[in-house]
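Here the structure comes first, spelled out in structure tokens, and everything after it is commentary.
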Amino acid sequence: ATGESSDALSKPFVIGSIATWLGKKAEESRSHEWTIYLRAANPEEDLSLIVRKVVFVLHPTLQPPTRTIETAPFEVTDQGWGEFEVTLQVYFHDSRDKPIELSHMLKLYPPGEQVNIAGKPVVAERYDEFVFNSPSEGLRQRLLTE
Ligand code: SLL
């Protein structure tokens, strides 16, 4: 009757970035193109069933420094020259679930190098999961439709 269930729900996700060197002809301040993303760990799942929006807070040298993404895929692509820490504020459909903050270090260079000699895309990602200890019936239903 309360609309609650005692079974916790978890949703594994991946937060990460992929960066590509744009080559010698690129402007110095825009030497790399990168994408920062939040997605379900299972590529067949749609994170937007539980995530309402993601606010990406970038380095203040990016214009605009804050990007709000309200539909999947929850990602931001831009160009720049430097690595920095990104904050992602994740908002859920269920208003009882407080927004959470994730952070991600944007990597442009292979580990231990100051330049990307190989020119291969540089990927930095980690797995984690959202856990809802008392998921609402609405959330439960949305996840059941998968
Ligand atoms: C630092 N890690 O601590 C550096 C900041 C900021 C990079 C790097 C912006 C692009 C542009 C950009 O790449 N910023 O300037 O057009 O100082």
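The set of residues in segment 1-29 being modelled with pLDDT of 90 or more, away from the ligand (no atom under 16 Å from the Cβ) and closer than 28 Å to G119 by Cβ consists of V14, I15, G16. A Cβ distance below 8 Å, combined with a sequence gap of six or more or placement on separate chains, defines the contacts here; from segment 79-98, residues that are under 15 Å from I50 (Cβ atoms) and of a type in the set (S, T, Y) reach residues that are in a loop (DSSP other than H, G, I, E, B) and more than 16 Å from the ligand (Cβ to nearest atom) in the pairs Y91/P99. Checking the structure you have, find out if any residue of segment 30-40 is basic (K, R), in contact with a strand residue (DSSP E or B) (Cβ under 7 Å, 6 or more places away or on another chain) and either within 11 Å of the ligand (Cβ to nearest atom) or outside any strand (DSSP E or B) (or both). Within segment 30-40, one or more residues are basic (K, R), in contact with a strand residue (DSSP E or B) (Cβ under 7 Å, 6 or more places away or on another chain) and either within 11 Å of the ligand (Cβ to nearest atom) or outside any strand (DSSP E or B) (or both).
Taking first residues from segment 50-63 that are within 13 Å of S95 (Cβ to Cβ) and partners that are at pLDDT 95 or above and surrounded by fewer than 16 Cβ atoms within 10 Å (Cβ to Cβ), the Cβ contacts under 7 Å between residues at least 6 apart in sequence or on separate chains come to K53/T68; K53/E70. In the set (1) in contact with a Pro (Cβ under 6 Å, 6 or more places away or on another chain); (2) over 30 Å from P135 (Cβ atoms); (3) not basic (K, R), the condition left unmet by Y91 is number (2).
Do the conditions hold for R39, that is, is it crowded, with 19+ Cβ neighbours inside 10 Å and modelled with pLDDT of 95 or more? It is true that R39 is crowded, with 19+ Cβ neighbours inside 10 Å and modelled with pLDDT of 95 or more.
Highlighted here are the strands (runs of 3 or more DSSP E) found entirely within segment 64-139 that include at least 2 residues which are over 30 Å from K25 (Cα atoms) and of a type outside the set (A, V, I, L, M, F, W, C): 85-92, 100-105, 122-132.
Determine whether segment 73-90 contains at least one residue that is within 11 Å of the chain's Cα centre (by Cα), of a type in the set (G, A, S) and over 15 Å from S10 (Cβ atoms). Checked against the condition, which is being within 11 Å of the chain's Cα centre (by Cα), of a type in the set (G, A, S) and over 15 Å from S10 (Cβ atoms), segment 73-90 yields no hits at all.
Could you grab me the full set of residues in segment 19-56 that are farther than 24 Å from P135 by Cβ and within 11 Å of the chain's Cα centre (by Cα)? Passing the criteria: T35, I36, Y37, F56. Summed over segment 130-145, the residues that are within 17 Å of the chain's Cα centre (by Cα) and either basic (K, R) or surrounded by fewer than 12 Cβ atoms within 10 Å (Cβ to Cβ) (or both) give a count of 1.
Residues are listed down the side, and each one gets a yes or a no for (1) away from the ligand (no atom under 16 Å from the Cβ); (2) touching a Ser or Thr at 6+ places or on another chain (Cβ under 9 Å):
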site: S48; (1), (2): yes, yes
site: R67; (1), (2): no, no
site: F74; (1), (2): yes, yes
site: Q79; (1), (2): no, yes
site: D97; (1), (2): yes, yes
site: L106; (1), (2): no, yes
site: Y109; (1), (2): no, no
site: E113; (1), (2): no, no
site: D128; (1), (2): yes, no
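Residues that are touching a His at 6+ places or on another chain (Cβ under 9 Å) and not in a loop (DSSP other than H, G, I, E, B) within segment 14-29 comprise I15, G16, S17, A19, T20, W21, listed in sequence order. Restricted to segment 56-76, and to residues there that are surrounded by 12 or more Cβ atoms within 10 Å (Cβ to Cβ) and among the polar types (S, T, N, Q), the residue that is farthest from Y37 (Cα to Cα) is T66.
The values are calculated or read from the model by the stated rules, or taken from the named source; none is laboratory data. Source: prediction; values computed, not measured. As a convention, Cβ positions derive from the backbone with ideal geometry for all residues, glycine included, and neighbour counts pool all protein chains shown.
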